[in-house]
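This report refers to the structure that appears directly beneath it.
Each reported figure results from applying straightforward, stated rules to the coordinates on display, with no laboratory input. On a predicted model such as this, the values are computed, not experimentally measured, just so you know. Glycine gets a Cβ as well: all are built from the backbone with ideal geometry, and neighbour counts include every protein chain shown.
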Amino acid sequence: MMVDEKERQETAPHPMPPQVKICGLTRADQARACAAAGAAAIGFVFYDKSPRNVSIEEARTISADLPVGTGRVGVFVDAPLDFIRRRIEDCGLTAVQLHGMETPRQVLELKAMGVRVIKSLFASRKPHMDEAARFAADACLVECGKGTLPGGNATVWHYADAREVGRRHPLILAGGLSPENVAAAVGAARPDAVDVSSGVEIRPGVKEIVLVKQFMQAVSNATHNNRLRRIF
């Protein structure tokens with residue numbers, strides 16, 4: 001039986017851009033501007049070796065100034081459960097991103113606190129992106145994993161390698177993304193969300209809002225026909 005063209009168009013998936021998380025915010029005015037530009041989530045780094053590390057007080061101030069509905073994601077590296085719990089409660093976090101060697105059990109313990117849990121996996125080191133099925137995370141963030149810090153270290157990599165993860169799990173693509181390359185990266189990996197930090201910065205922790213807007217526009221232009229899974 002032939003399907004009516006109008007009915008086919010109404011039932012077909014609508015092209016949608018991935019959600020965007022802007023990570024490593026250290027100033028309330030910039031976080032608010034990122035949200036106004038369309039960022040679905042703002043990331044706070046709670047890792048004292050990072051140049052973007054923030055205190056509870058700083059993160060609380062930034063979080064309180066964000067619009068209702070903006071995701072508030074705390075980024076942690078092998079942190080004790082109580083350390084994470086306090087920041088969830090004091091800073092109003094809606095999700096935690098685990099960027100170290102955390103175990104599947106720790107993922108479950110954090111999910112029991114009522115927040116979404118994102119587990120970071122890597123193309124070049126452990127925990128490897130091929131291990132995604134071990135973790136009952138709400139989403140997997142995948143990046144290269146080279147460099148001195150646990151994060152992306154602005155490393156551009158072969159983004160298409162993460163596509164297989166996205167076929168089975170909600171996928172956040174990260175590492176070396178910028179306004180210039182994010183559209184191609186989205187086309188290669190087909191993620192549900194993208195995460196950017198240094199690619200829209202003047203210096204660590206200080207964002208350039210013009211670059212943020214350019215990044216958002218590039219992501220918007222990179223739509224595809226997958227039914228995207230909402231992460232933030």
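From the list Val206, Val212, the one residue that fits, being under 20 Å from Pro51 (Cα atoms), in contact (Cβ under 8 Å) with a residue 24 or more places away in the chain, surrounded by fewer than 24 Cβ atoms within 10 Å (Cβ to Cβ) and out of contact with any strand residue (DSSP E or B) (no Cβ under 6 Å at 6 or more places or on another chain), is Val206. Evaluate the following for Cys144: is it within 28 Å of Ala184 (Cα to Cα) and touching a His at 6+ places or on another chain (Cβ under 6 Å)? No; evaluated as a whole, the condition is false for this residue.
I'd like to know if region 223-232 contains one or more residues that are touching a strand residue (DSSP E or B) at 6+ places or on another chain (Cβ under 8 Å), of a type in the set (Phe, Trp, Tyr) and closer than 14 Å to Gln30 by Cβ. There is no residue in region 223-232 that is touching a strand residue (DSSP E or B) at 6+ places or on another chain (Cβ under 8 Å), of a type in the set (Phe, Trp, Tyr) and closer than 14 Å to Gln30 by Cβ.
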